[in-house]
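For reference, the structure is listed below as structure tokens.
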Amino acid sequence: MRLTIFTLSVLLSLQATAAVTLPQNPLLLQRADPYLYRDATTGCYHFTATVPDFSALEIRSSCTLAGLKTAKAVQVWQKKASGPMSANIWAPELHRINGRWYLYFAASRVDAPFHIRMYVLSNPASEPTLGQWREEGELTTHLDSFALDATTFEHNGQRYLLWAQQDKARSYNSALWLAAMDGPTRIKGPVVKLSEPTLAWEIQGYKVNEGPAVLIKHGRIFVTYSASATDHRYAMGMLWADAGADLLNPSSWQKKPEPVFASNESLQRFGPGHNSFVLAEDGKTELMIYHSRDYRDLQGTALTDPNRHTRLRVLQWDAEGFPLFAPEQGD
């Protein structure tokens, strides 16, 4: 019976997909680590991403996906001249929690460029491009180490934080960690490790699990993440847990052994990753937003090559209710 229900769901999903028209890719040039928030009331979109010089946080708003291509980028915050939050402003995410906007992002110091930690801004205005953004400070965790890519989600009345962080006692650059939140700017124990970079495809160039994104669907919590160096070897993997499971029990989670989305030379898609999920304009069809380059070999280094472009694709589903990242859709 479960298979029949999911098969019907997939058929309905495919019918909805046929009616969804996306703007031509790339959606936006030179915007990495994209995050797209859709207001469930108005249907309008708010977009943020890493800017090429890592200097500021910006938001674009539009009530259509196509409109994001020409929407004005409003700079809502700029890095400090020195001290915390003065360099490497990376991977912002925009969330609306209890009537207030929050921007989660990573930043370092001019005098220590890789002293990367997570920070939060908040804004009570009705729109995220209006009002004043207040610095809420560092989002501290159980470790004082390289930390980035915070995302947050709510499930069964509990808000969670999911992020990437280095464990100095281990040999990798970053693993994925999960904790319940005691308010939008702080976590509470316990902190659990969901995934370490141990698979061959996760340790190309660097040993990395980062950029987690959450999608709750078909009775499961899906987490996609990115791994390896941020060149053509960058790729996406996936974890999942049953929606009724204890999410803070690591044994609740399973991990696919192979990447679910990777470079495809025939599509000129290289190093896809750091995705997020959002509903299409029909309010039903799930989309995946991500970045990739359209050439294989870096122009400079991973940090100085600015040509990670934001792209969109429709997310499909298999007969078991798992997200389907193939067949290729000419993206």
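Brief remarks follow.
- Entry note, segment 2-324: relative contact order of 16 percent, from Cα contacts under 8 Å with a spacing of 6+ residues.
- Relative contact order for segment 260-303, counting Cα pairs under 8 Å that sit 6 or more residues apart, in percent: 34
- Point-charge dipole on Cβ atoms (K/R +1, D/E -1) for segment 43-200, about Cα centre, debye to 20: 140
- Rounded to the nearest 20 debye, the dipole size of the chain about its Cα centre is 280 debye, using +1 on the Cβ of Lys and Arg and -1 on the Cβ of Asp and Glu.
- Area projected by the alpha carbon convex hull of segment 102-209, averaged over all directions, nm²: 8.7
- 15 Å Cα-Cα reach of Lys79 towards aspartates and glutamates, excluding residues that sit fewer than 8 places from it in its own chain: Asp53, Glu58, Asp111, Glu135, Glu136, Glu138
- Rounded to 0.05, the FRET efficiency of the Ala302 and His142 pair, given R0 = 30 Å and the Cβ-Cβ distance, is 0.60.
- Selection from Leu199, Leu94, Ala66, by position along the positive dipole direction of the chain (Cβ): Leu94
- When the charge dipole of segment 261-331 is built from unit charges on Cβ atoms (+1 for Lys and Arg, -1 for Asp and Glu) and taken about the Cα centre, the candidate among Phe270, Ser292, Pro306 whose Cα reaches farthest toward its positive end is Pro306.
- Straightening the chain between Asp111 and Lys80 buys 9.9 nm, computed as 0.36 nm per residue apart minus the Cα-Cα spacing.
- In terms of other Cβ atoms within 10 Å, Ser145, Ser126 run from fewest to most in the order Ser126, Ser145.
- Value of Rg to Rh for the chain (Rh from inverse mean 1/r over Cα pairs, i.e. Kirkwood): 0.93
- Gain on full stretching of the segment that runs from Arg186 to Glu320 - 0.36 nm per residue minus C-alpha separation: 44.7 nm
- Just so you know, the Rg over Rh for segment 209-259 is 1.02, from Cα atoms, with Rh as the Kirkwood radius.
- Residue among Ala107, Ala213, Ala241 with the largest mean-square fluctuation in a Gaussian network model of the chain, springs linking Cα atoms under 10 Å: Ala241
- Peptides 305-318, 130-143 ranked from most to least packed by the mean count of surrounding Cβ atoms within 10 Å: 305-318, 130-143.
- Normalising the Debye intensity of segment 135-293 to I(0), with uniform scatterers on Cα atoms only, and taking log10 at q = 0.19 Å⁻¹ returns -1.27.
- A crude spin-label estimate for the pair Ser55 and Glu265, with each label 7 Å from Cα along the Cβ direction, gives 3.8 nm.
- The convex hull drawn around the Cα atoms of segment 207-330, when projected onto a plane and averaged over every direction, covers 8.5 nm².
- Segment 212-331, relative contact order [Cα under 8 Å, separation at least 6], %: 20
The numbers here are math on the coordinates, done by the rules we state, and not lab data. Nothing here was measured: the structure is a model prediction, and the numbers come from that model. All Cβ positions, glycine included, derive from the backbone under ideal geometry; neighbour counts span all protein chains shown.
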